Amino acid sequence: MSVLNFQEASKRNNNWLPPPWAIVALLILGFNEFMTLLRNPLYLGVIFVAFLLVKALWVQLDISGEFRNGALPGFLSIATKFIPTVTNLLGRLAEAGQRKTNNAPQLYPIPASKQKDNEDDKMN
């Protein structure tokens, strides 16, 4: 039983190839870009955010649905919808950011005596 375990572990350790995802990344990016991503993981975050934005645009523009009618009508339809969709998406992101900052609790609450003075000033 232990001989089989030893042979199986030996087979696993004799694998000198990198994992499959690393091979795919090397083929797509090339060695220099792959090493840059490994050295600076901030780039991975930027790529991920860009992917999320592209995916949101893909869903909003319904790109696969537009190309059902053909390539030229699809390109024309997407070209006319692109700028309004981007501005709409950025506007919704800005509104979501504003809502979060407005609902944030105050770090230094105003004392009750100061609040009453402020309310009296507003009434005058």
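The values are calculated or read from the model by the stated rules, or taken from the named source; none is laboratory data. Because the structure is a prediction, the values reported are computed rather than measured. All Cβ positions, glycine included, derive from the backbone under ideal geometry; neighbour counts span all protein chains shown.
Looking at Thr80, Thr101, Thr85 in this structure, which one is modelled with pLDDT under 85, farther than 30 Å from Glu33 by Cα and part of a helix (DSSP H, G or I)? Talk me through it step by step, then tell me what you get.
Details: Thr80 fails: modelled with pLDDT under 85; Thr85 fails: modelled with pLDDT under 85.
Answer to the check: Thr101.
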**Asked** Using beta carbons and a limit of 7 Å, which pairs, at least six apart or on different chains, have the first residue in region 69-93 and in contact (Cβ under 8 Å) with a residue 24 or more places away in the chain and the second one of a type outside the set (A, V, I, L, M, F, W, C)?
**Response** Thr85/Gln60; Leu89/Gln60
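Does Ala56 meet the test of being surrounded by 10 or more Cβ atoms within 10 Å (Cβ to Cβ) and assigned to a helix (DSSP H, G or I)? Let's see the steps before the verdict.
Working: surrounded by 10 or more Cβ atoms within 10 Å (Cβ to Cβ): yes; assigned to a helix (DSSP H, G or I): yes.
In short, yes.
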